[in-house]
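*Asks:* Here you go, one structure.
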Amino acid sequence: MATGETDQAEGRAYFVEAEDIGYLKVSFFGPFFGSYIIFDLDRSNYQYAFVAGNSTDYLWLLSRTPQVSDEVMESFISQSAALGFDTEALIFVDQSALEAEQEGG
């Protein structure tokens, strides 16, 4: 049940290759690490990142804002489909309550 309260998670991460390559191992649960591969990034303002796991089972669009532009969403979906993700199975979370909270409403 949505309460309108935010939650926070702390994790650990390390680079798998060089520090300028967006390929990390990330853990939120003890010694268990998962792949975190950045396949696109807003390089000018760092407002969003497209992230996948090491298979087509895990995919995220991370954003600093509750909503992204139609252009960003279309790019995310098309790049994800090109990488073999089932974009018909994507789950889009309604962020309107968070957006209203951030706007002071």
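The values are calculated or read from the model by the stated rules, or taken from the named source; none is laboratory data. These numbers come from a predicted model, not from an experiment. Note that we place each Cβ from the backbone using ideal geometry, even for glycine, and neighbour counts take in every protein chain shown. These accessible areas exclude ligands, DNA and RNA; they are computed on the full protein's heavy atoms, side chains included. Shrake-Rupley method; radii C 1.70, N 1.55, O 1.52, S 1.80 Å.
*Asks:* Check off (1) out of contact with any Lys or Arg (no Cβ under 7 Å at 6 or more places or on another chain); (2) modelled with pLDDT of 95 or more for Gln47 and give me the number that stays unchecked.
*Replies:* (1)
*Asks:* Right, another one. Of the residues in the stretch 1-58, how many are touching a residue at least 12 places away in the same chain (Cβ under 8 Å), closer than 30 Å to Ala97 by Cα and of a type in the set (Phe, Trp, Tyr)?
*Replies:* 7
*Asks:* Name the one entry in Phe50, Phe28 that is open to solvent by 80 Å² or more (accessible area, probe 1.4 Å) and under 26 Å from Asp7 (Cα atoms).
*Replies:* Among Phe50, Phe28, only Phe28 is open to solvent by 80 Å² or more (accessible area, probe 1.4 Å) and under 26 Å from Asp7 (Cα atoms).
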